[in-house]
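Reading through the structure tokens given below for one structure.
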Amino acid sequence: MRSLRFRVLEHVADCRILVWGEDEQALIAHAVAATLRHALGVEPRAPAQQWHPVLPWPSDLAERLVHTVNEALFLLYTHRRVTTSFELRGGDGWIATAPLGKRSICREIKAATFHALHPTGRRGKLSATLTLDL
């Protein structure tokens, strides 16, 4: 994946992240990476050690985006695994993880929400404003 494509829009009770990508896989990958960077304070970089299916895989893009980000947060907080990659395989979503190790979590993110979420496509690119509940 090339450089992360996102911008953080801070607020008191939540945080909005504007993400974009050339296709659905890139959009979701950037959303997950941006969310985890916000939680960890650094961009998560590590070789994938385990792949996890994102289940159930929703039929709507907005639902897939929110569900995948929340799955990555669940793995971070409950299993101390950092999502390092996202792929679409055979129409389903898969996230790669690595152990959190000695890194600490600097910001608690409760969940990605549907608030003001409107994935759009323009000029062959997708974008979305994702709201994170802090």
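Each reported figure results from applying straightforward, stated rules to the coordinates on display, with no laboratory input. Here the structure is a predicted model, which means the values were calculated and not measured. Note that each Cβ is placed from the backbone with ideal geometry, even for glycine, and that neighbours are counted across all protein chains shown.
Across the range 6-133, the fraction of Cα-Cα pairs farther apart than 24 Å, rounded to a whole number, is 20%.
With each pseudo-label sitting 7 Å past Cα toward Cβ, what's the His79-Leu18 distance in nm, one decimal? Between His79 and Leu18, the simple spin-label model gives 3.4 nm.
Compactness of the range 67-110 was expressed as the Cα radius of gyration divided by 2.2 N^0.38 Å, which yields 1.21. Sites count as exposed loop sites when they are trypsin sites (Lys or Arg not before Pro), lie in a DSSP loop, and have at most 12 other Cβ atoms within 10 angstrom; the longest stretch of the chain without one is 46-101. The 3J(HN,Hα) values that the Karplus relation (6.51, -1.76, 1.60; θ = phi - 60°) gives for the range 122-134 are, in residue order, 9, 6, x, 10, 10, 8, 7, 9, 9, 9, 9, 7, 9 Hz. Gly and Pro appear as x.
When the Gaussian network model of the chain links Cα atoms closer than 10 Å, the mean-square fluctuations of Val19, Val66, Val42 top out at Val42.
With the simple model of a label 7 Å out from the Cα in the direction of the Cβ, Ala48 to Leu134 spans 3.2 nm.
Of Thr35, Thr78, Thr68, the residue with the greatest mean-square motion in the GNM of the chain, using alpha carbon springs below 10 Å, is Thr78.
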